[in-house]
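Asks: Okay, handing you the structure first.
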Amino acid sequence: MTAPAPRHAREALALVTDDFAELPAPPAAAGASGVSDGDGPIGWPGYGRSRAAAGARTGTPESVLCGTATVGGARTVLVSFEFGFLGGSIGEGTGDRVAAAHAHAREHRLPVTVLLATGGSRMQEGMRALAQLQRLAGESARTRAAGLAQLAVVCDPTTGGGWATLGAGADVVLALPGAQVGFAGSRVRPADADPAAYTAESQYAHGHVDAVVPAAELRAVLGRWLGLLGGPAADAVPPPYALGATDAAGSGREAVARARRPERPRAGRYLEAVFTERAELSGDRAGGTDPGVRCGFGRLPDGRTAAYAAQCGTATRPAGFRTAARLVRLAGRLGVPVLTLIDTPGAANDAAAERAGAGPAIADLFGAVAEAPVPVTALLIGEGGSGGALALAAPGRTWATPDAYFSVIAPELAAAILKRPPEEADALADALRLRPADLVDLGVVRGVVGTDPDAPAR
């Protein structure tokens, strides 16, 4: 049976927890509930009466309920928006409550989870309401600097400043199916705007939402994320053992052929072997996704958390590099080590990739890996095509499997650049010294991993 989408704050809370404990209202918020008719920061006629009616109708004195709860075994601060209270709009009282919730999270070292249903800033409070967006962004930044995770669940609708701060600014964004999600609400869009663009599904397709989750599955999915992001972090991830070939390639051309075999183990098999549980991010937050790059957090067999960014054997697109950079930076802020799996013939080189910023995206990932405050471990599991592969490599902490190669450029492209006939590509593969054993001799990788999980890499 499909669970209904929540329409009110307590309905949303009931989807994810059974033990919500509301936090005391901060002093400013406690006073705000006494706004009288004609009062408020800009003297909006009838505002006090509207607030009183909204409070009586919803049973909440403001547009948010803030408290603590356990979700899937993990503790979190929960902020749940009440759309029935003036459209879930954000006013000064909202800002007071959300700021206090963030302060509580920082004091008690808890992640913050926001269940959003809002139409944006409250018109009846004018610019004093709009200024709350800066306040909320500041609270979010302080919580981020404290190394605590922030998650958002966007319900229907989530528009305006609420989406542009507490929603899109979260580390992980989940959305309910069919939810209206976008900066522009339905009454302020161009008349010819495509309504499909303002949906959870569209935001997911364009890299702004990590997953669209049915209401019945939300508690389990949110609990998994909270458990992974708030649990104990691993030390440096050891390089996984090889799942494919055991013998060394006899030549460069053989190494290339083996790496390109369709049956060779790909990233999915390695992720299944390394992690007992995973939750995946999706999208670069800049309008793009790349299904050929998988990024997320997972639980190791010892119960600790590590992050991963894995290429899946296709040419990596700009969105893939940006998503990986997003993952590395988030892991670094949370103190979680990273495992990267390298497997790509190279960066996508079509016109669309150039327009999408292939160069800047690769540069961004190089920078994220270089600046990572946590250990990054890299394993070359297949093709290592030029800079598009090297961007995921960890300086001094990269290993290779026996059925892989790493090259300054693919042999076929080397022949084209050197103005050699295509049939010389095999000879160039030998000359490029791209076999795993060659890479060890050249100091590019630390070792070649074996097939025994208990044996050290050689």
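Asks: I'd like the residue in segment 7-55 that is among the aliphatic types (A, V, I, L, M) and assigned to a loop (DSSP other than H, G, I, E, B) and, out of all such residues, is modelled with the lowest pLDDT. Talk me through it step by step, then tell me what you get.
Replies: Taking segment 7-55 first, the residues among the aliphatic types (A, V, I, L, M) are 9, 12-16, 21, 23, 25, 28-30, 32, 35, 42, 52-54.
From what's left, assigned to a loop (DSSP other than H, G, I, E, B): 23, 25, 35, 42.
Numbers: 23: 97, 25: 89, 35: 46, 42: 92.
Checked segment 7-55; the qualifying residue modelled with the lowest pLDDT is 35.
Asks: Among residues belonging to segment 385-402 that are under 15 Å from residue 362 (Cα atoms) and under 25 Å from the mean Cα position of the chain (by Cα), point out the one that is surrounded by the fewest Cβ atoms within 10 Å (Cβ to Cβ). Show your work before the answer.
Replies: Going residue by residue through segment 385-402, those that are under 15 Å from residue 362 (Cα atoms) are 385-394.
If we keep only those that are under 25 Å from the mean Cα position of the chain (by Cα) as well, we get 387-394.
Working: 387: 17, 388: 26, 389: 25, 390: 21, 391: 27, 392: 30, 393: 23, 394: 21.
Result: 387.
Asks: Within segment 365-382, can you find the residues that are over 26 Å from residue 256 (Cα atoms) and of a type in the set (Gly, Ala, Ser)?
Replies: Correct list: 367, 368, 370, 372.
Asks: Checking the conditions here, which among 425, 389, 437 is under 26 Å from residue 330 (Cβ atoms) and not aromatic (Phe, Trp, Tyr)?
Replies: On the way: 425 fails: under 26 Å from residue 330 (Cβ atoms); 437 fails: under 26 Å from residue 330 (Cβ atoms).
Testing whether each residue is under 26 Å from residue 330 (Cβ atoms) and not aromatic (Phe, Trp, Tyr) leaves just 389.
Asks: Looking at (1) under 25 Å from the mean Cα position of the chain (by Cα); (2) among the small types (Gly, Ala, Ser); (3) surrounded by 23 or more Cβ atoms within 10 Å (Cβ to Cβ), find the lone condition where residue 88 falls short.
Replies: Condition (1) is where residue 88 drops out.
Asks: So, one more: Which one of 58, 94, 70 is among the polar types (S, T, N, Q), more than 24 Å from the chain's Cα centre (by Cα) and surrounded by fewer than 24 Cβ atoms within 10 Å (Cβ to Cβ)? Before the answer, list the steps.
Replies: Values: 94 fails: surrounded by fewer than 24 Cβ atoms within 10 Å (Cβ to Cβ); 70 fails: more than 24 Å from the chain's Cα centre (by Cα).
Exactly one of 58, 94, 70 is among the polar types (S, T, N, Q), more than 24 Å from the chain's Cα centre (by Cα) and surrounded by fewer than 24 Cβ atoms within 10 Å (Cβ to Cβ), namely 58.
Asks: Select from segment 439-451 the residues that are surrounded by fewer than 19 Cβ atoms within 10 Å (Cβ to Cβ) and part of a helix (DSSP H, G or I) and write down the one among them that is farthest from the chain's Cα centre (by Cα).
Replies: 441
Asks: Still on this structure: Would you be able to tell me the number of residues in segment 310-343 that are more than 17 Å from residue 238 (Cβ to Cβ), small (Gly, Ala, Ser), crowded, with 23+ Cβ neighbours inside 10 Å and over 11 Å from the mean Cα position of the chain (by Cα)? Can you show your working first?
Replies: Looking only at segment 310-343, we keep the residues that are more than 17 Å from residue 238 (Cβ to Cβ), and these are 311-330, 332-335, 343.
Among the residues that remain, those that are also small (Gly, Ala, Ser) are: 313, 315, 319-320, 324-325, 332, 335.
Still in the list and also crowded, with 23+ Cβ neighbours inside 10 Å: 319-320, 324-325.
Filter once more, keeping what is over 11 Å from the mean Cα position of the chain (by Cα): 319-320.
Number satisfying all stated conditions: 2.
Asks: Are there any pairs, at least 6 apart or on different chains, whose C-beta atoms fall under 6 Å, with the first in segment 354-367 and assigned by TED's automatic domain parsing to the domain that holds residue 289 and the second part of a loop (DSSP other than H, G, I, E, B), and if so, which?
Replies: 362/391; 365/391; 366/391
Asks: Could you please let me know if residue 368 is buried (at least 21 other Cβ atoms within 10 Å of the Cβ) and outside any strand (DSSP E or B)? I'd like the intermediate steps shown before the answer.
Replies: Working: buried (at least 21 other Cβ atoms within 10 Å of the Cβ): yes; outside any strand (DSSP E or B): yes.
Criteria met by residue 368.
Asks: For residue 235, all conditions in the list (1) assigned by TED's automatic domain parsing to the domain that holds residue 133; (2) among the charged types (D, E, K, R); (3) modelled with pLDDT of 90 or more hold save one; what is the number of the exception?
Replies: Among (1) assigned by TED's automatic domain parsing to the domain that holds residue 133; (2) among the charged types (D, E, K, R); (3) modelled with pLDDT of 90 or more, the lone unmet condition for residue 235 is (1).
Asks: Hey, can you tell me all the residues within segment 256-278 that are without any contact (Cβ under 8 Å) to a residue 60 or more places away in the chain and either among the hydrophobic types (A, V, I, L, M, F, W, C) or touching a Ser or Thr at 6+ places or on another chain (Cβ under 8 Å) (or both)? Explain how you work it out, then say what you get.
Replies: Residues of segment 256-278 without any contact (Cβ under 8 Å) to a residue 60 or more places away in the chain: 257, 262-263, 268-269, 272-273, 275-278.
Those that are without any contact (Cβ under 8 Å) to a residue 60 or more places away in the chain and either among the hydrophobic types (A, V, I, L, M, F, W, C) or touching a Ser or Thr at 6+ places or on another chain (Cβ under 8 Å) (or both): 257, 273, 275.
Asks: Restricting to segment 253-273, give me the number of residues that are touching a strand residue (DSSP E or B) at 6+ places or on another chain (Cβ under 7 Å) and either farther than 22 Å from residue 439 by Cβ or among the small types (Gly, Ala, Ser) (or both).
Replies: Number of matching residues: 4.
Asks: Tell me, please, whether a residue that is out of contact with any Cys (no Cβ under 7 Å at 6 or more places or on another chain), touching a residue at least 24 places away in the same chain (Cβ under 8 Å), part of a loop (DSSP other than H, G, I, E, B) and more than 22 Å from residue 156 (Cα to Cα) can be found in segment 56-71.
Replies: No, there is no match, as no residue in segment 56-71 is out of contact with any Cys (no Cβ under 7 Å at 6 or more places or on another chain), touching a residue at least 24 places away in the same chain (Cβ under 8 Å), part of a loop (DSSP other than H, G, I, E, B) and more than 22 Å from residue 156 (Cα to Cα).
Asks: A further question on this structure: Could you run through segment 344-353 and say how many residues are at negative phi and touching a residue at least 60 places away in the same chain (Cβ under 8 Å)? Give the steps one after another, and end with the answer.
Replies: To start, the set of residues in segment 344-353 that are at negative phi comprises 344-345, 347-353.
Now drop any that are not touching a residue at least 60 places away in the same chain (Cβ under 8 Å), which leaves 345.
Count: 1.
Asks: For the subset of segment 97-153 comprising residues that are acidic (Asp, Glu) and touching a residue at least 24 places away in the same chain (Cβ under 8 Å), which member is surrounded by the fewest Cβ atoms within 10 Å (Cβ to Cβ)?
Replies: First, the residues of segment 97-153 that are acidic (Asp, Glu): 107, 125, 139.
Next, only the ones that are touching a residue at least 24 places away in the same chain (Cβ under 8 Å) stay: 125, 139.
On the way: 125: 25, 139: 23.
If we take residues in segment 97-153 being acidic (Asp, Glu) and touching a residue at least 24 places away in the same chain (Cβ under 8 Å), then 139 is surrounded by the fewest Cβ atoms within 10 Å (Cβ to Cβ).
The values are calculated or read from the model by the stated rules, or taken from the named source; none is laboratory data. Here the structure is a predicted model, which is why all the values come from computation and not from measurement. Cβ atoms come from the backbone with ideal geometry, glycine included; neighbour counts cover every protein chain shown.
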